[in-house]
Structure formats: structure tokens, C-alpha cells
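To start, the structure under review is shown below, and the notes come after it.
The values are calculated or read from the model by the stated rules, or taken from the named source; none is laboratory data. Everything numeric in this text was worked out from a predicted model, so none of it was measured. Neighbour counts are summed over all protein chains in view; Cβ atoms, including those assigned to glycine, are modelled from backbone coordinates with ideal geometry.
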Amino acid sequence: MTALPDRPPARRLGLVIDLDTCVGCQACVIACKAWNSGGAAGPLADAEPYGRRPSGTWLNRVHGFEVGEGEDGRTVYFPRSCLHCENAACVTVCPTGASYKRAEDGIVLVDASRCIGCSLCAWACPYGARELDPASGVMKKCTLCVDRIHDERLPPEEREPACVAVCPARARHFGDLADPEGPLARLVAERGGVELLPELGYRPTNRYLPPRPGRPLAAQAPLVEAPSTAGFLGWVDRLLGG
Amino acid sequence: MAETTRVGGEQPQKVCTTCYMCACRCGIRVHLEDGRPRFIDGNRAHPVNRGVVCAKGAAGILHHESPARLRAPLKRVGERGRDALVEISWSEALDTAARWLSAVRASDPKKLAFFTGRDQSQALTGFWAAQFGTPNFAAHGGFCSVNVAAAGLYTIGGSFWEFGEPDLERARLFLLIGVAEDHDSNPLKLALAAMKARGGQIVAINPVRTGYAAIADVWLPIRPGTDGALILALVHELLRAGRVDAPYLADFTNAGWLVIEDPGGAEDGLFARDPAGRPLCRDRRTGELRPAEEPDAAPALRGAVRLADGRRARPVFELLAERYLEPRFGPEVAAEVTGVPAATIRSLAAALARAAFDDPPFLAEPWTDWRGRRHPGVEARAVAVHAMRGVSAHSNGFQTCRAIHLLQILLGAIDRPGSFRFEAPYPRPIPPGPLPCGKPEQVVPGRPMPGLPLGFPRGPEDLLLEPDGRPCRIDEAFSWDAPLAVHGLLQRVIGNARRGDPYPIEVLFLYMANMAWNSAMATDETIRMLTDRDPSSGAYRIPKIIYADAFYSETVAYADLVLPDTTYFERWDALSLLDRPIGRADSVCDAIRRPVVRPEREVRPFQDVLLELGHRLGLPAFTAEDGTARYPGGYADYLVRHERAPGIGPLAGWRGSKGELVGRGPPNPRQLEAYIENGCFFEHRLPAGTRFVRHGNRDYLELAAELGLLAKPEPIFLQLYSEPLQRFRLAARGHGSVQPPERLCARIERYFDPLPFWYAPLEDEAGAAHEFPLAAVSQRPAAMYHSWGSHNAWLRQILGDNRLCIHRATAAALGIEDGDPIRVTSRHGTIRATARLVDGVEPGTVWTWNAIGKRGGAWALPAETGEATAGFLLNVLIDERLPPGPDGIAPANADPITGQAAWYDLRVRIEKAGPGEPPQTEPIWAPLPRLPGLPDPPGVLDRGAPFAGRRP
Amino acid sequence: MHPAPSLIAFTTLAGAGYGLLAVWSLAGLAGLVPAAPRAGAAGLLPALALIGAGLLASRFHLARPERALLAFTQWRTSWLSREAVAAAATFLPALVLAGFWILAGRIPPAAALLAAAGAVVTVACTGQIYAVLRPIPRWHQPLTTPVFLALAGASGAVLAVLAAALVGVPGEPLALAAVPALAVAWGLKLAWWQRGDRAAPVATADRAIGLAGRAPVRLVEPPHSSGGWLVDETGYRVARRHAAKLRRIALAAGLVVPVLFLALGLLSGGRLAAATSGLAAAMSLALALAIERWLFFAEARHTVRLWYGEAAV
Ligand SMILES: Nc1nc2c(c(=O)[nH]1)N[C@H]1C(S)=C(S)[C@@H](COP(=O)(O)OP(=O)(O)OC[C@H]3O[C@@H](n4cnc5c(=O)[nH]c(N)nc54)[C@H](O)[C@@H]3O)O[C@H]1N2
Ligand SMILES: Nc1nc2c(c(=O)[nH]1)N[C@H]1C(S)=C(S)[C@@H](COP(=O)(O)OP(=O)(O)OC[C@H]3O[C@@H](n4cnc5c(=O)[nH]c(N)nc54)[C@H](O)[C@@H]3O)O[C@H]1N2
Ligand code: SF4
Ligand code: SF4
Ligand code: SF4
Ligand code: SF4
Ligand code: SF4
Ligand SMILES: [Mo]
């Protein structure tokens, strides 16, 4: 149903993504594609897979940016997937009820069997989190790996999204952002996690952690010359104590 | 909509094996549903990757299901590279190969050149070559990172390259020099993130700011090929301030060993030794000369002595300090060379000293050093360093990497907590054994060689030279051109074979190396050489080419006989301690790959094929006494039963009849089952007290000898001063029985400096810098492995073409805008590419991703695909040779010590393409013919479909 | 945004159809056109045909048109669903009206009123579909729905002039209504354009990646070298220069030319002259609307472009 849950979901499951350690390796991109191709949201098709211009459906993409200039410049990799917004207009615009937000955990999903492929929800998503699948003609989006995180047959440590499990830079964290005492909320508080484009009013669940300030070299006082009392290399003898 | 969120259907079967989407050797689980692979994730128990996988690893399913997979053996019918190959049966393929090879073996085994690329079974392939009797064997190290490997093995007895790791769990400062991805990619990423979380400081020295450099605290955009100057300036600063670890130097290195100073003498610059050959030191307590290896010796680090014979000798450290304290090693000079400001160099030196020495953490793990002294624990030296091809792929890479090790050693930062740490089977003796085999008398028709083709020369006598001084090997490894070419020189084989220099060969046998494309220097020339014919006979100059690949790569098209390999889901492999194991700092590890699915094509694991060919050729190691195959069960059988030395086989785990032994022990028939039960890897944790300062840790050395990692439990002294290099120098000065040809004497004298120094890359010295003002380098993209990602429908969407990245200011000066087509010209040729403007690059450097450009038709891609029309290779611009010297001879574009291909010495000039020029790259190669039997690639891929769609 | 022909066709054709339906129904009610069957057919059949054609075109925009009926279910939240419901609901009075008018020569006032109201509501829903989309600032403005309504009304009025001329109904009052309708519609459109041009960006690239204030932000490594659906859908860019030219053409063809022809028709009198000038006005307006609608999509920029190299949207 395209109506959003009446009251905020008790749990707000989502991701916290650390721009400080993301190295842009694309592991999360492929893991997401691989899991979801064969998972609940799948298949995620690829048109012209071995042709001139391959073009497929992806639920998570990583962009490389340069930010700032000169001394302040840095390279920032930015993973982009659904933020599971509280005020998800992608849901309310949907004419068929295919898009919905789950009351129990806040996950925004598409019911592939109801989607007519009108694309309106993709237009309504400011974050570019939805893609129309060329083969099935239905809208696809990050499911927060709903078929992993709640699969009780998996050992508890594996009940996390594929992109989180795979991230070698440990830049992706999964959990309940509604829990103010939980690890995610604490991480967000400690690191000044931000909400993307709050001015649009979508109230995303996911948060991004900005790069840490970094420790420049300039702070280092230069070394002082070894006192040359005992002449050239005298300090060696002193160091050896003999 | 609160349906349940469980998937229906059976839980998939999860089969553990080892990834082979790159050489990082991560443990993976292949999820099988209805016998089909559905998903790959990491094995959380695995010591390498701890459950993570990279993009390539996760995309392995599409590698395995690629439409470019070879389907059956092939033979050439028409012209190489132009006409299609035809499918033949395995019996015809093996008969042909055996016929060609046995003729060579019976007449002149050297005429087989057997070279392998990205494989991880060099313990088998090298052994096979030795059994065949040819010295002409090597793997890919010569064009990869032999500079780093050799510099490490001749200096610290280990190496950055796969044989060690930075201890980022404890490091305060991490110097990451010239690394984009490397072979330890997942562990390094895990460690970097953990280090950042702890608040450590990461300094990336790299002309390019991507990947790891992007998340570093400090990015030092260095001019390519100048790291040696930077490092030695740091050494200068540390020495000036007296911030070195003198006790460590005295105890665990050759800093106190005495060097003979006897200008003009035959032993000038060698270590003073006692009659038993033991290096001498001056005991700083007694003033006596005595063997430095004696447990109670206290080597003095300074002070000249008179030897008994009257010659003068001085300790290594004194020579070293004297040299690097000279003003020419100061930060100002280095700043001129490197582009890194002198103040920054000083700050970095200070940061190194503080991280290493100020208030160092103490790890209370008691241990005993080689002298027998008991220590209550280990003091950390929390400066970790890691360097790779940014250092290696330059013609000064060997000495630069030695300089880096020198810096580490001076800080006491080898195998201490927080520093570089060895991975088993390292450390090994310096240099490690064995010696290279293949001297004229060792190559006999119809007989195996007495040793392995590759090894570690200690001096000129160990070179592989004909009596007239010409190289014994087709690739000139272990000749005066590349004396320490300890990995062989794959990049020279084709050119030399085509020229018949030093001699013609009959069969070129390649395995898993895309030599007609991205691993060629000067791809265009390589292709010409592969197809060059002798005008008098009309025959190809390289008469027969056998190639084993799993996919339709560019090189397949140039082979006469193609042996189709399986994919890594379909075979056994070993990541062996004899070869390239998966060791970690705290444990001895190895691993296997196991078949996960059955091939449905006419393909065979190459190792099985080698074993069968070995048997057909009657090679003793592969033929039982009764003439039957020694390993009828193929490679799996070999892995279990082969013994290289008594009790030592390819796999170290679960040896002994009951699997109770580690490292050394009789074969265990159930060994592979034991591996499989354990997730396909073996991990033996080193006990406390054997984990640090292993080169001088008595308990470790004894344990390593017990496990068969070391022949003898003797201490390994780190070699600040490299005596083997001096031996070559002395030969160049006219000493000894083996001397370089006249024309190379000056070169040997110059570069074989026993103490590291920096010199400009040879291409710059040859004057290229002036005409070609920009350096051009390539980088590994995280999501692609060399040429083998473009047939992967997922990976190729991420990187299906490449651009040349140019600094904004540099581009502006040239009138180039983002997206402009540009011409890039080197000494060797011109290409057209597309410009991308960036800030994150040293302004005098341009860069692109490596090996993205492809040839249409290869990899089952259409002619007009982006990889072929918008992608490009820098290789086309890289000359295999330098401009001829005054003697008219064009030296190899390589490091003069190791022969390492100098990919990153490339210099170019750039201009905006003319208004009439099309936007495509140039050259665009004639597409390769379609292979018979390859399926038509699907128009839409929805490979998840059989598993998908279960509604949450 | 990608200017999909199906959407351009749907919104212009259905807009004109609903406009004509509304104008004709009200004109009939007001007695400006007679209750004669011929008159009913002349206005209502083209209106229904245009609506039908538009709806048909919209089908091509759906990747799974066979499930289109589901689009009627979410009228409580979705303007697209409301549009579908309104469109369907409008058919009922429109068909009743057409039946009585064409077959019986009668104009039931309730049906006429409801048909006109339905037409207005349907077009308003169309406008709202776009107007509520915050990620596309050019669309997300108060004038969007009025512009849709006004353009639909004006095109309905011009078509009504033509229809009247075809069946020989005196078209002067209609033409006199069409001229101000056109003026209002294009006036609104001009204001809409200017508002869109002048509006401050709603978002910037530095904020889009959570690093507010760290501009400039430049994309140096796009996520995929090969593009994809999202890039195709949102990546369309039309050069400012071309857009300005096209706007001038649209204004000329949509306002100036039709008004001139309507005036010509009014002045020259005579059925043939009225019909030809009405046809000319309608065709010129159709061209203008096609351009206007193409620009509507082509000029609109989606916030997702912030991650694909645009500094601000
Ligand atoms: N410009 C430039 N050139 C470079 C470099 C650079 O940095 N810049 N780097 C150099 C370095 S370090 C290296 S290591 C080389 C790498 O270059 P190559 O050694 O040529 O590596 P690949 O491109 O991976 O090609 C290996 C071949 O292995 C095949 N293959 C893949 N899987 C299997 C399998 O399971 N079985 C078999 N039998 N074959 C398989 C592939 O199809 C491919 O043809 O490139 C070198 N070339
Ligand atoms: N994903 C992925 N992983 C791989 C591979 C792959 O193809 N893909 N290939 C594997 C192989 S065969 C190898 S050999 C390793 C190589 O692993 P790396 O050593 O990481 O190899 P490169 O990408 O060549 O990285 C060299 C880095 O050095 C920088 N550089 C170039 N010149 C200089 C210089 O003069 N000084 C300094 N300080 N830096 C410089 C380049 O900008 C680049 O960042 O990676 C292995 N891992
Ligand atoms: S896997 Fe992690 S480090 Fe790699 S791109 Fe994704 S978020 Fe970044
Ligand atoms: S990110 Fe986009 S798709 Fe996801 S909930 Fe928010 S608006 Fe919807
Ligand atoms: S594309 Fe599908 S999910 Fe999206 S709005 Fe249309 S019907 Fe709903
Ligand atoms: S949570 Fe799952 S679906 Fe969402 S981006 Fe990660 S892997 Fe993809
Ligand atoms: S790093 Fe290499 S071995 Fe590890 S998962 Fe990636 S491709 Fe596989
Ligand atoms: Mo390599």
C-alpha cells in the first residue's frame, strides 16, 4: 500500500556508510548485484551484457569524486543506494501499491508482481535509488537484503546485507537507527553522521560519516641534530651503551 | 504488508574453496542451488580475508560462466592471428604436444621455452621444466615485481611482495609507497580501515590520489621514479638526528660487519672473514676482531680496524652513515628531484622517528634471541611500510626498494610489533637458496636438470653463461644484462626468440599469460614478432607456439595449439608454501582450491595436462618405475603424494598417515579431505615467543627448521650492505674468473652499488625527459584483474573503457578540456585517447587504468565494443628497448640489476587531437576471428532468474 | 529528464482532448454550440479520440501495461492513480453526454458539467503528478498544474474553434474565448519558465555527498563507464542556447501564430476561411505544444544528476 505507515516504524533498519574509509573498491556494488540477482528482488538483468554498451540494473553504485581544491583537496568515494526514507515519496507516488514501506522495520520495497513499470517512483526518489529492470520491466531497488537480515536459518552473524558483509574497508554498517543506544546511533553521534539533502524532506534513514580530518605531517616538529660531543657517530656508541 | 521475510526453498549448499579472481587467495564459499553456483561470499574463518571478498571475487560466477570460455583443444589452420582455429580432440592435442616436445627434448631441451603468467602452480611448472631439462622457464615475476622481490630477498630475507605484511594493528605510522591494489588487497583494506579507526597515521607516497591514497592522512604526490631520493633523504635526516635503532642494528643486521677497504684489490668491498668464511666484526667491549655470528660478540658499529693482513676495514654502519650524511642526500636535493618539499621530508622524518622511538609500546611476550638471550617482551617499532609496483616497475626499482628496506632496518622496524612482518615461509637466508640451474653442462638432451631453473645468484660464478659469456637462457636472465633476474624475464622471450638471440627456439609454451596483449611491452611489436616469418623458408621464426588459457584471450589467436584449461571452479589447485602460499604474520598457512562444479566442455585442468605430458615424455618424476603414470589420479594425486624432499610436499597441513603432522611428514592419503573439512585452508598458529624478530628469534628458527621452512636454524642477518652486489662490481673491475663483457663493465660498476642509491630512471637518463615532459603510469583498478575482467558482464559495466587522467593545470596549459580526444606520443609511438581532468595527480604525471583496452573479437566481445574503441593500452607506447648507447647496442628497458621491465619509466608528450580526428582511440586493431564453438552471447543476461523472485 | 515520446504524446494529446471536452461541454451548456447531433459529434468525438490516443500513448510508457488496472488502486496517495481514476471517471459523463448529444440531440446539463469537471480534474491530476516531484525542481512549483490546465484549456478552445467551423457553427464566441485563453496559458508558461530559470538550486553536489561546504565537488570516476537506465532517464541535457530558441519558437507557434489565424478567421468570416484558419491555428499550436512538452522534460533536471557531475540542481 502506498500509504506510509501511520506512525514511525519501531525499528528503522538502515546503513551507515563511512566516507572516511571507503576506497571505492566496488565490492559492495558487485556483492549487491550478485546477491540480489538471485535473491528476493531478482533477477537484476543486464542488457547487451557482452555487447557494445552493456547496461544493467544495479541497486548500489559507487562514485568517485574530488572534493575541494589544492591543499584541501581530497578524493572521496561515495556509495549510493536506497536510504529507506521515512517520508518516502517514492512510495506515495506509486499508483499500484507496488512500492511500500514496511511498518515493522521501515524497509522500503517493491512488490514486483504489482509494478507496472511507470518509473514515477524513480523520478520521485531524489537519491537515484531506483532502476527499472530491462528484462522484467519492473522497478528494482535496494531491499536492505531483507531476505538475508531476517532469514533465521542463517547464523546470526550472517544476517546482514551482502554489501555490508563484503566491504573490505568496513565502511558499511547495518543496524537499527531508531535505537538511540545502539551501535549505529552511537557511531553517527561520534562521527557526526549526516543525512543527505535533508532540505528535500525525505528524512532518510541511512547516514553518511564524513571523512575524519586526517593527521597532517605539518604538525611534526623537525628532528634536532644529534649532539656531536663525541664527534662523528659518537651517538652510536652512546646508543649502544659501550 | 507484513509478510514473512524468509526465502522459500532449500538452503543453498555452501562449498568452501579459494578464490582465483586475482592472486590474493581469499577463502570463499560458493553457494550452490540445484548444483548451479548462485552466489559467492567470503569465508569468515579464513586467515586472509576474514569473510570479505572484493568486487572481482563476488563476480566470479560470471567469470566461470563467461561466453569466452574455451570449449575444446584448438589447432591453427591458417595464419596466426588472422584465421580461425579449429577444434580438435584431446588425444590429437596431446599427441601433437608430446611429439613436438619429445623431439626438442631429445635434441636440445633449451629449445623449449616454457613460461607461465598469472598461475599459482609454479612449484609444479618449474619442477616440470627442470624435469624436462630446459633452463628456459620462468613465471611472470620479471615483468611484475622482481625488483621488490629481489631487493627484499637480498636485504631482509623476505619481501613486500606476498612474503610479508605491514602490522597495521599496531602501527602508528604507515608508509604506503606506490601501491594501488597489490596481491594482499583484502587484508590491506581491512587493516587500513582498522588503523584509521585506531587513529594511526597513513602516508601515501604516490603520484596518484585514488584508492588507498584517497583515504590516507597524507598524500605525497611524488614524481615517478624518484622514491629512492626521498627515502635516502629520510635516512639522511634520521642519521643526522641519531634516531636509529643501534642495538637492533648491532644484533640483527650486518651493520657491524667489517668491510675490507682495499682499493683495486680483489676483495675490496667484501666482508672481512675468518678462515672459515665467517664475517668479522670488532667487539666493542674487547676491541678484538671476531666472527660477528658468535653469540657473545658485541659488534662495534664504528671505527676502522686493521685486519691481520694489514688491510683496512670498517663496519658497514660507518660506511653507510658516512655516505648518507653527505649533503647530496639532504632534503633540499631530494626536493628538487621528487617534487616533495624539503620541509615535508623533514616532517616525515620526524614523524618516523617519533612513531618508532618515542615511548614505544612494549608487548610482553617473552622470547629468546639467536644469542640465547631471553627478553621479557618485544618493543614495538610502530612504523610499517609497504611498497609495490610504483617502486618495482622502474629501472631503479631494485636499489629504491633496497633503500626502503635500509630505512626500515635503521628504524629497527623489521618484524617488530607495528612494523613490516614476515609471512611464512619467510624469513629465509639472504640470499635464499637455491642457485639457478641451467649452466651449459647442466642441460643435457633427454635428461632432467639437476636443479630448478630459477634461483638466487651469490655472485658472478652463479650466472648462467656460455663459455663465451653469452646468456644460457633465452630471456637473458642470470646473464650480465640482468644478473639478479631471479624470476626470469618473460617479457623478453618473444623478442629474443624471434631474433634467435642468443639462439633460436623450437617450441614456445605459454600458460596463463596474455603475451600478445597487456603483458607485452610494445604490443604492436610483439604481435609482429609472433607472426614474423623467415623470408628464406617462409616458416615462422618462432616455429611452434603452445598456449594454455581458459578463455579466448588475445594470445589464443596466435597459438598453433591451444590447451583449454578449466575455470577455478572446476579444478584442484594448491597455494603451496613451496610457491606462493597464503601465509600471515602470525601463522603458517597454505590452501587448496577444489572443484566445485564439473566442466561440461572438453577442457582439462592444465596441471593434469602437464602431468600427463610429463608421463608421455617419460620425465622421471612423473613416470613410475614400471613406465606407468606416477600420478594416475592427476594433480590431486600429485598434491597428496609428491614429495619434493623427504616428508615435504606441496601441502603442509595434515601430513603423516593420520594427518597428525605439520609441515614435514609422510603423505596422508586423506589430506585433501582434511583440507576440505577445514574450509580448504590450513593454518598453523605460531606459538607465543616465535612471532617477532623471527630472523633472530631462536625458538622461531628452530621451529621453522622443524616444519621444513628452513634448512637450518641459523640466524638471518639483515643485509644493509649487500656483498653479492659488490662481487659483481669486483668482476666489472676485472677480478675473478667470470667477468662482464667490456661494454657492460661501467654499467655493472655503477648500478651494483652494495649500498642503495638513487639514479634517474634509465629512460630519463637517455634524454627522454626533455622531449617527453610527462611521466605516464598505469594503475590496477580494484574491480578488474588485468585482461580477464572484460568478459565479465558485471565488471565490464563498471570499467568498460578507460581515459587518460591529466592534472587540471597541466591540461589547461595544453588547451585540453575534459573529454577531449588527445594524442599521446612516446619514444615508441602515438596513440589517441580521451582526456579526463583531475586534481589528484602529480602535475607532471598522467595515468590510466591498466589493461582495460581490448582487441575486438577476443573475449567474445564485438569489434565495436567500448573496450576496443574507447579503451586503450599504455603498453603500445612502451618500448622494450632503450635508445642505443654509444656502442650501438640498445639495452633493455629494464632494471640493470634484475631485468625487471620498466613499465613506469614511460615518458610521453600530449596534445589535443586535431579537429578532424574521430573520438575513438587509436590504434583500433583488426578484430580477431570468432572462435568456432563459442556460444552466441545472450542479448539479455538474467542469470539470477532461476533462483530469484522469491517474494520477501 | 529523458523526453519520452510516449509521455509527450500522452500529455499533449490527452490535454488537448480534455480541453476540448471541457470547452465543448461548457459551450454546449452555455448554448454557444447547438445541441444538434452534428455539433455534438464535431466536438466530442475528436475530444474522445484525442483522449483515447493519449491514453494509448501512455501505455507505451508502462513497461508492464498488462497490469495497468492496478494503477486505479492507490488514489488515496498517488496522483498518477488519481489521474487514472479521474480519467476513467470522466469517461462516464463524457460518454453519456456524447450519447445524448449525438444520438438524441440533447445536452444533459449534469453530464456536461460532470464531463467538464472530470476533464479539469484529470488534467489537474496530470499536472500534480509532476508538481509534487521535489527532486525535479523545475516541475516542483506552484504554477505547474495551472500551466497544464491552462494549456489544455487553450488547446481545447482552439480545437473548439476548428470543430465549430467544420460543422458550420458560428465560432466567433469560441474564438474570442480562445485568444485570451492562449494568452493566459502562454503567459503562465512564460512565468513558469522564468521561475524555473531563476529559482535557486534546491541542492548542491557537496550537500549531496554529505560534505556541505566542501565545494567544489567534481565527479572523476563515474560509477559505471557504461551508463544505464538511470543515466538515460535523467541524463538528458539540452543546451541553454537551443532551449531559448525552442522557447521562442514555441511562443510564436503557440501564441502569436494561432492568435493571428484566429483573428484572420474572425475577420474574414465565411466557413471555409474559419475552418482553414482554425486548422492552421490548431496545427501551429500542436507544434508549439510538442516543443513545449519536449522542453518540459528535456530542461528538467533531477537531483540524481548531482552524483553524475552537476554542481547544483
Ligand atoms: N602497461 C602496463 N602493462 C603491464 C602492467 C602494468 O602495470 N602496466 N603490469 C604487468 C604485470 S605486473 C603483470 S603481472 C602482467 C599481467 O599480465 P598477464 O600475465 O598477461 O595477465 P592477464 O591479463 O591476467 O592474462 C592472463 C591470462 O590468463 C588467462 N586465464 C585466466 N584464468 C585462467 C585459468 O584459470 N587458466 C588458464 N590457463 N588461464 C587463465 C586469461 O584468459 C589471460 O589470457 O601485466 C603486465 N603488464
Ligand atoms: N584488482 C586488481 N588487483 C591486482 C591486480 C589487478 O590487475 N587488479 N594485479 C595483481 C598484480 S599482477 C600485481 S603485480 C599487483 C600490483 O599491485 P600494485 O603495486 O598496487 O600495482 P599498480 O597498480 O601497478 O600500482 C602501482 C602504484 O604505484 C603508483 N606509482 C607509479 N609510479 C610510481 C613511483 O615512481 N613512485 C610511487 N611512489 N608510486 C608510483 C601508481 O600510481 C599506482 O598507484 O596487483 C595485483 N592485484
Ligand atoms: S565495499 Fe566498502 S570500501 Fe568498497 S566501495 Fe563499497 S563501501 Fe567502499
Ligand atoms: S532513497 Fe529513494 S527509493 Fe529509497 S526510500 Fe528514499 S526516496 Fe524511496
Ligand atoms: S514503477 Fe512500479 S513501483 Fe514504481 S511507481 Fe510505478 S508501479 Fe510503482
Ligand atoms: S542492503 Fe542489500 S540490496 Fe541494499 S545495497 Fe546493500 S546489498 Fe544491495
Ligand atoms: S582479492 Fe582476489 S582472491 Fe580475494 S576475493 Fe578479490 S579476487 Fe578473490
Ligand atoms: Mo604483476
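Per-residue answers, yes or no, for (1) β-branched (Val, Ile, Thr); (2) touching an Asp or Glu at 6+ places or on another chain (Cβ under 9 Å):
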| site | (1), (2) |
| --- | --- |
| B:Pro460 | no, no |
| B:Leu465 | no, no |
| B:Ala477 | no, no |
| B:Val486 | yes, no |
| B:Ile527 | yes, yes |
| B:Arg533 | no, no |
| B:Ser537 | no, no |
| B:Arg541 | no, yes |
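Could you tell me whether B:Glu336 is surrounded by fewer than 19 Cβ atoms within 10 Å (Cβ to Cβ) and either within 12 Å of chain A (Cβ to nearest Cβ) or modelled with pLDDT of 95 or more (or both)? Here the answer is yes, as B:Glu336 does meet what is asked. If only residues of the stretch C:205-235 that are more than 7 Å from chain A (Cβ to nearest Cβ) and more than 37 Å from the chain's Cα centre (by Cα) are counted, the one that is nearest to C:Glu299 (Cα to Cα) is C:Ala215. Just one of the listed residues (B:Ala482, B:Ala548, B:Ala520) is of a type outside the set (Asp, Glu) and part of a strand (DSSP E or B), namely B:Ala548. Of the residues making up the stretch B:674-717, those that are part of a loop (DSSP other than H, G, I, E, B), of a type in the set (D, E, K, R) and more than 24 Å from B:Trp654 (Cβ to Cβ) are B:Lys712, B:Glu714. Just checking, does the stretch A:134-148 include any residue being free of Cβ contacts under 8 Å to residues at least 24 places away in the same chain and more than 16 Å from ligand 6 (Cβ to nearest atom)? Yes.
Among the residues making up the stretch C:65-121, those that are surrounded by fewer than 18 Cβ atoms within 10 Å (Cβ to Cβ) and within 14 Å of another protein chain (Cβ to nearest Cβ) are C:Pro65, C:Glu66, C:Ala68, C:Leu69, C:Phe72, C:Arg76, C:Ala88. Every condition in (1) crowded, with 24+ Cβ neighbours inside 10 Å; (2) within 11 Å of chain A (Cβ to nearest Cβ) is met by B:Val777 except one, and the failing one is (2). Residue-level analysis places B:Ala59 among those that are touching a Phe, Trp or Tyr at 6+ places or on another chain (Cβ under 9 Å), on the phi < 0 side of the Ramachandran plot, aliphatic (A, V, I, L, M) and within 16 Å of ligand 2 (Cβ to nearest atom). Looking at this structure, is B:Arg855 at pLDDT 95 or above, more than 14 Å from chain A (Cβ to nearest Cβ) and farther than 29 Å from B:His770 by Cα? Against the criterion (at pLDDT 95 or above, more than 14 Å from chain A (Cβ to nearest Cβ) and farther than 29 Å from B:His770 by Cα), B:Arg855 qualifies.
Quick one: what pairs do we get from the stretch A:191-206, first residue within 16 Å of ligand 5 (Cβ to nearest atom), second of a type in the set (S, T, N, Q) and assigned to a loop (DSSP other than H, G, I, E, B), C-beta under 9 Å, 6+ apart or different chains? Listed pairs, sorted by first residue: A:Tyr202/A:Asn87. Taking the stretch B:780-798 as the range and being in contact with a helix residue (DSSP H, G or I) (Cβ under 9 Å, 6 or more places away or on another chain) and either charged (D, E, K, R) or more than 9 Å from chain A (Cβ to nearest Cβ) (or both) as the test, the residues that pass are B:Arg780, B:Met784, B:Tyr785, B:Ser787, B:Trp788, B:Gly789, B:Ser790, B:Asn792, B:Arg796. Going through (1) more than 21 Å from the chain's Cα centre (by Cα); (2) within 16 Å of ligand 1 (Cβ to nearest atom); (3) of a type in the set (A, V, I, L, M, F, W, C) one by one, B:Phe398 falls short only on (1). Checked against (1) closer than 27 Å to A:Asp133 by Cβ; (2) crowded, with 17+ Cβ neighbours inside 10 Å; (3) of a type in the set (D, E, K, R), B:Asp936 passes all but condition (2).
For the stretch A:87-103, the criterion of being more than 8 Å from chain C (Cβ to nearest Cβ), touching a helix residue (DSSP H, G or I) at 6+ places or on another chain (Cβ under 7 Å), part of a helix (DSSP H, G or I) and more than 16 Å from ligand 8 (Cβ to nearest atom) is met by at least one residue. Filtered by the rule that a residue be among the β-branched types (Val, Ile, Thr) and either crowded, with 21+ Cβ neighbours inside 10 Å or touching a strand residue (DSSP E or B) at 6+ places or on another chain (Cβ under 9 Å) (or both), the stretch C:133-162 gives C:Ile136, C:Thr144, C:Val147, C:Val158, C:Val161.
Taking the criterion of being surrounded by 17 or more Cβ atoms within 10 Å (Cβ to Cβ) and closer than 23 Å to A:Pro204 by Cα, the residues of the stretch C:205-218 that qualify are C:Ala205, C:Asp206, C:Arg207, C:Ala208, C:Ile209, C:Gly210, C:Leu211, C:Arg214, C:Val217.
Criterion applied to B:Ala384, B:Ala424, B:Ala403, B:Ala413 was being surrounded by 24 or more Cβ atoms within 10 Å (Cβ to Cβ) and modelled with pLDDT under 95, and the one residue passing it is B:Ala424. Of the strands (runs of 3 or more DSSP E) lying entirely inside the stretch A:124-211, those containing at least 3 residues that are crowded, with 18+ Cβ neighbours inside 10 Å, away from chain C (no Cβ under 14 Å) and within 13 Å of the chain's Cα centre (by Cα) span A:172-176. Taken over the stretch B:339-371, the criterion of being within 28 Å of B:Val208 (Cβ to Cβ), within 12 Å of another protein chain (Cβ to nearest Cβ) and not in a helix (DSSP H, G or I) is satisfied by B:Val340, B:Pro341.
Working carefully through the options B:Val596, B:Val609, find the one that is in contact (Cβ under 8 Å) with a residue 60 or more places away in the chain and either part of a loop (DSSP other than H, G, I, E, B) or touching a Cys at 6+ places or on another chain (Cβ under 6 Å) (or both). Among B:Val596, B:Val609, only B:Val596 is in contact (Cβ under 8 Å) with a residue 60 or more places away in the chain and either part of a loop (DSSP other than H, G, I, E, B) or touching a Cys at 6+ places or on another chain (Cβ under 6 Å) (or both).
Run down C:Arg138, C:Arg195 and say which single residue is within 14 Å of chain A (Cβ to nearest Cβ) and charged (D, E, K, R).
C:Arg138
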